[in-house]
Amino acid sequence: MNLFANTVLRIVSVFGIQVMAIIGGASMIGGIPVYKAAILSGVCAVAQVLQKIAIAFADDGVLTSEELNAAFSNHTAPQVEE
């Protein structure tokens, strides 16, 4: 699978993971429709990943697979082995 398709599928996955996490919580808070809370949560999660990708690209104008993997993990930069 090429890098673009892999990245798009991972972004969709991030959206889905975050939506599933918020559906139960939104049903406990009165006045917020579940679908609105789920959409907002998913969009925020995707925006965080896209921000990490943009920062990695802005550093040197090149986006490596290590930087992409770091954007989808809890790390902000690729791990460098010493």
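Bear in mind that the values in this text are calculations on the coordinates, not laboratory data. Just so it is clear, the structure is predicted and the values come from calculations on it, not from any experiment. Here Cβ is always computed from backbone atoms with ideal geometry, including for glycine, and neighbour counts include all displayed protein chains.
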So, with points 7 Å from each Cα along the Cβ direction, the Thr64-Asn6 label distance in nm works out to 1.4
Cys44 and Ser13 label points (each 7 Å along its Cα→Cβ direction) are spaced in nm at 2.3
Per its Cα gyration tensor (rounded if a/c is under 1.5, else prolate when a/b beats b/c, else oblate), the stretch 3-71 is best filed as prolate
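Cβ neighbours within 10 Å, averaged per peptide: list 66-72, 46-52 in order, most packed at the top.
On the way: 66-72: 17.6, 46-52: 14.1.
Listed from highest to lowest mean packing, they are 66-72, 46-52.
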